[in-house]
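Peer 1: I am attaching a structure below and will ask some questions about it afterwards.
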Amino acid sequence: MKAATIARYGSPGVIEVRDVPAPVPGPGEVLVRVHATTVNRTDCGELLHPTLIRLLTGGGRSRRKILGLDFAGTIEAVGGSASRFKPGDRVFGMCPFRNDGAQAEYFCMAETGPIAQMPSNLRFDQAVVCEGAFYANPIIEHFALRPGHTILIYGASGAIGTAALQLAKDRGAEVVAVVAGRHRELMRSLGADRVVDYTTDEFDQLGRSFDFVLDAVGKLGIRRWRRWLKPGGVFAATDRGPWSQNLLFILWSKVTGSGRVVVPLAKRGSGQAFVNELRDRIEAGRFIPVIDRRYPLTAIADAYRYVQSGEKAGVVVIDVATEDRAAEPG
Ligand SMILES: NC(=O)c1ccc[n+]([C@@H]2O[C@H](COP(=O)([O-])OP(=O)(O)OC[C@H]3O[C@@H](n4cnc5c(N)ncnc54)[C@H](OP(=O)(O)O)[C@@H]3O)[C@@H](O)[C@H]2O)c1
């Protein structure tokens, strides 16, 4: 099979698309034929700092040779005792870090992992959207958003930001999205109540009117978010923040028990339930995939370079197999 392989870790230049033996599903595993995958910030982090990412994700000891988290494809074969899926089923989800990843024509994963029947209304190349929502969901759940709440989402144009915006609107909260002006129409189309361009005076004039602030790109300093939160308001971030300052605030929040700064993560083992729920949301029109650029597998190094630029909106797709598209929805 063709796969994007990593001979040594480092810059995107180390990625080589070449032929490698296809994996064989073990007991309880499925072999997935990948139609589409993505390059995301987690992949970029793993390419540069494999040991750190494996520590954070419980990915086991050995570094893997093929990266890639999000996937959409078909079941090619099932291993002994696997019974949830049958060959030909259209599936999507997230490839666990313990296995070689989805930036290849085939990969194997446990059928008990984060894999589900694909939303019936999407094409393969539209369904590779789990990762951003997976990280956004525990934050929105932790906030327990409801009508009457106001939330500011900073960097709402990224994979996590676009997902957080939709999940927050779905719970009835009022959402102010802070983005570059070029994303204004996208934010409106996803339901933002107000869009503020971070390069304008309007951004500097934002006042103390939010129950929650989410920094979805890890760029906010405390001087900003503290000024926007109402008394008792809560700040969450998806990254360490400028000069890793969020680490200090999380520690302070834990030690004092204030709960004012949080980084909620998904519970271990919750992936499958999450992917099933996301499928239902997508089919009900309550979650819209946001797709930026697409690249063929042969140009995956260029996709890594683009994602590393920090400029993508939503998801960057890698088309792995395109020959079956004619029979797909949309
Ligand atoms: N907590 C976790 O487990 C976890 C997992 C994955 C990723 N992360 C981290 O979460 C962050 C977001 O990930 P992601 O995949 O959603 O990112 P992403 O898709 O790469 O986000 C990029 C978006 O952020 C916008 N942006 C860049 N600089 C900005 C700024 N100064 N102010 C406001 N918006 C800005 C960009 O648009 P413009 O350039 O047009 O502004 C772009 O649309 C990253 O720092 C990533 O490392 C955390």
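This table checks each residue for (1) within 14 Å of the ligand (Cβ to nearest atom); (2) surrounded by fewer than 16 Cβ atoms within 10 Å (Cβ to Cβ); (3) in a helix (DSSP H, G or I).
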{"residue": "Pro147", "(1), (2), (3)": "no, yes, no"}
{"residue": "Ala156", "(1), (2), (3)": "yes, no, no"}
{"residue": "Gly161", "(1), (2), (3)": "yes, no, yes"}
{"residue": "Leu167", "(1), (2), (3)": "yes, no, yes"}
{"residue": "Gly172", "(1), (2), (3)": "no, yes, no"}
{"residue": "Val176", "(1), (2), (3)": "yes, no, no"}
{"residue": "His183", "(1), (2), (3)": "yes, no, yes"}
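Peer 1: Within the set of pairs 6 or more residues apart or between chains, which connect a residue that is within 14 Å of Ala127 (Cβ to Cβ) inside region 31-50 to a residue that is near the ligand (Cβ under 10 Å from one of its atoms) and assigned to a helix (DSSP H, G or I) with Cβ atoms less than 9 Å apart?
Peer 2: Pairs that qualify, where the first residue is within 14 Å of Ala127 (Cβ to Cβ) and the partner is near the ligand (Cβ under 10 Å from one of its atoms) and assigned to a helix (DSSP H, G or I), are Thr38/Glu131; Thr38/Ala159; Thr38/Val307.
Peer 1: Name, by its number, the condition in (1) more than 26 Å from Ala313 (Cα to Cα); (2) surrounded by fewer than 19 Cβ atoms within 10 Å (Cβ to Cβ); (3) out of contact with any Phe, Trp or Tyr (no Cβ under 9 Å at 6 or more places or on another chain) that does not hold for Val14.
Peer 2: (1)
Peer 1: Please enumerate the residues belonging to region 203-213 that are more than 16 Å from Gln245 (Cβ to Cβ), within 14 Å of the ligand (Cβ to nearest atom) and either of a type in the set (D, E, K, R) or buried (at least 23 other Cβ atoms within 10 Å of the Cβ) (or both).
Peer 2: Asp204
Peer 1: Spot the failing condition for Asp197; the list is (1) within 11 Å of the ligand (Cβ to nearest atom); (2) crowded, with 23+ Cβ neighbours inside 10 Å, and only one is missed.
Peer 2: Only one criterion in (1) within 11 Å of the ligand (Cβ to nearest atom); (2) crowded, with 23+ Cβ neighbours inside 10 Å is unmet by Asp197, namely (2).
Peer 1: Now for a separate question. Can you tell me which of (1) out of contact with any Ser or Thr (no Cβ under 9 Å at 6 or more places or on another chain); (2) not assigned by TED's automatic domain parsing to the domain that holds His142 is the one Gln272 doesn't meet?
Peer 2: (1)
Peer 1: In region 283-319, what count of residues is obtained for those that are of a type in the set (S, T, N, Q) and either outside any loop (DSSP other than H, G, I, E, B) or outside the structural domain of Gly73 (by TED's automatic domain parsing) (or both)?
Peer 2: Within region 283-319, residues that are of a type in the set (S, T, N, Q) and either outside any loop (DSSP other than H, G, I, E, B) or outside the structural domain of Gly73 (by TED's automatic domain parsing) (or both) number 2.
Peer 1: Of (1) surrounded by 16 or more Cβ atoms within 10 Å (Cβ to Cβ); (2) under 22 Å from Ser120 (Cβ atoms); (3) touching a strand residue (DSSP E or B) at 6+ places or on another chain (Cβ under 9 Å), Asn276 satisfies all except one. Which?
Peer 2: Result: Asn276 fails condition (1) only.
Peer 1: Test Ala313 against the stated conditions and say whether it is under 30 Å from Gly181 (Cβ atoms) and buried (at least 16 other Cβ atoms within 10 Å of the Cβ).
Peer 2: yes
The values are calculated or read from the model by the stated rules, or taken from the named source; none is laboratory data. Please read all numbers here as calculations on a predicted model, not as lab measurements. FYI the Cβ positions are ideal-geometry reconstructions off the backbone, even for glycines, and counts take in every protein chain you see.
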